[in-house]
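Any read-out appearing in this document is the output of simple, stated calculations on the displayed coordinates, not a laboratory observation. Computed from a predicted model, the values in this text were never measured in an experiment. Reconstructed Cβ throughout: ideal geometry from the backbone, glycine too, with neighbour counts over all protein chains shown.
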Amino acid sequence: MKAPERFSALPDYAFPRLRTLLADVPPGASDPIEMTIGDPRHDPPAFVGEVVAAEAAGFRGYPPNEGAPELRGAIADWVGRRYGTRPDPETQILTLNGTREGLYNVAMALAPERKDGQRPAILVPNPFYQVYAVAALSVEAEPVYLNATKATGHLPDLDALDLALLDRTALFYLCSPANPQGAVASLDYWERLLTLAERHDFVVVADECYCEVYRGPPPPGVWEAVQRGGHDPNRAVAFHSLSKRSNLAGLRSGFALTGAQNMVRMRQLRAYAGAPQPLPLQMAAAAAWADEAHVEANRALYAAKFEAAADILAGVPGAEIPEAGFFLWLPTPEGLDGEAATTTLWREAGVKVLPGAYLARDTEAGNPGDRYIRAALVAPLDDTIRGLSRLRDTLYR
Ligand SMILES: Cc1ncc(COP(=O)(O)O)c(C=O)c1O
């Protein structure tokens, strides 16, 4: 039987590509430093293990599909504290095994097969978290990549969008704080996007999984913009995660927040095809959403690393300290693209970063990640300082 063509144009995932790029390149240091993957390495809150142990009897049965009431309640309380309006946990929240599966399944649940007789488009910022594109391809929509460059504040330029494209748009993915650039959408930006969604009848998919890792004011969220503008909550689906907020990437816990109408479809799909999170893990997640002390401590650890980064990279042309998230999105030096800079850095200094192009797609205006590398500040402060100092001295001396 012939294999499906749906995914045949997909490039290899970023990390296998990086392994291939560096396969024959020995590291230029006896103590290599890994700055590629966004895998949190600070400690998760200690109470998580205790809650899982205390709730272990809950492993016996099938867990509730849409999330235990305790977890949905804790999430609704958190949304209320964070964004000022508490959603209805009965009808507006769905818990997930991490947000990645939800970011994928939302397209299955909400994107129509045709829109006004045409193949729908799914808009994706470029560069982007790769699941958005696969979600679009899975529902046979056309993924359309919107370059988000320094010139556009590292977010898609909403004023440059073609009206005919917006008319056939089903979903518009936006990541704020953005991975990889760390740009934050303002409330005005979210509201303009919601207004476009209303005018052209599409749904905003807001990936906000970095929203608790910030340096300045807390990034506003799409839920806040929905309330402020009096928009229909079905115009947006917000995704939140404990992975970065609480250093619990291994717990696999996140949630989707939207209007009751979308929620019916999302829950129905999950009832047929989803894998709910084990109950003891849901209870641990509820405890994590209810606690802010560990989140503040986590934020302070990242803030110290970004302060160090600002000192170390002070003379590097184009280096920006992002408002939020835990990545640096650094322009490469003259004459080197992202792959060449990555290879040079590994060969000469044993520091591993990711070529920006692996997180972006080629477009008519080029690949917006070509002349960038991404460095994750997830290692302890000392390693981060050593890694960034070597990076500066190797690439920008
Ligand atoms: C932008 C973005 N969205 C979503 C995720 C998925 O997070 P999780 O599935 O752990 O909630 C990640 C993880 O790296 C990410 O960087």
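Springs between alpha-carbon pairs under 10 angstrom, Gaussian network model over the chain: which of L22, L174, L71 fluctuates most?
Between L22, L174, L71, it is L22 that shows the largest mean-square fluctuation.
How many percent of the alpha carbon pairs in the range 60-291 exceed a separation of 33 Å?
When every Cα pair of the range 60-291 is considered, 11 percent fall beyond 33 Å.
Can you give the longest stretch of the chain with no exposed loop site, where a site means chymotrypsin sites (Phe, Trp or Tyr not before Pro) in a DSSP loop (not H, G, I, E or B) with at most 13 other C-beta atoms within 10 Å?
14-397
Using only DSSP helix segments of four residues or longer, with each worth -39500 (n - 2.57), what per-residue ellipticity at 222 nm results for the chain after dividing by its residue count and rounding to 500?
About -12000 deg cm²/dmol.
Could you give me the ³J(HN,Hα) list for the range 242-252, computed from phi with Karplus coefficients 6.51, -1.76, 1.60 and θ = phi - 60°, whole Hz, x at Gly and Pro?
Each residue of the range 242-252 in turn: 8, 4, 8, 4, 10, 6, 10, 4, x, 6, 6 Hz.
Roughly what % antiparallel, to the nearest 5, for the DSSP beta bridges in the chain?
45
Taking Rh as the Kirkwood radius computed over C-alpha pairs, what is the Stokes-Einstein D of the chain at 37 °C in a medium of viscosity 0.692 mPa s, expressed in µm² per second?
Values: Rh = 21.8 Å.
For these conditions, the coefficient is 151 µm²/s.
Find how many whole Å separate the alpha carbon centroid of the range 72-120 from the alpha carbon centroid of the range 351-397.
Their Cα centres are 32 Å away from one another.
Based on the inverse mean of 1/r over its pairs of different Cα atoms, what is the Kirkwood hydrodynamic radius of the range 29-138, in Å?
18.1 Å is the Kirkwood radius here.
Under 5 Å between amide H atoms, partner at least 5 residues away or on a different chain: which partners does V351 have, H built in plane at 1.01 Å?
Answer set, sorted by chain and number: G28, I33, W346.
If you take every DSSP beta bridge whose two residues both sit in the range 60-291, what share of them, in percent to the nearest 5, is antiparallel?
So the antiparallel bridges amount to about 35 percent of the total.
About the Cα centre of the chain, what is the dipole size in debye to 20, counting +1 per Lys and Arg Cβ and -1 per Asp and Glu Cβ, all else neutral?
Numbers: 38 positive and 49 negative charges, 106 e Å.
Charge dipole of the chain: 500 debye, to the nearest 20.
Work out, step by step, the length gained on full extension between A9 and D31: first 0.36 nm times the residue separation, then minus their alpha carbon distance; give nm to one decimal.
Between A9 and D31, full extension yields 4.2 nm more.
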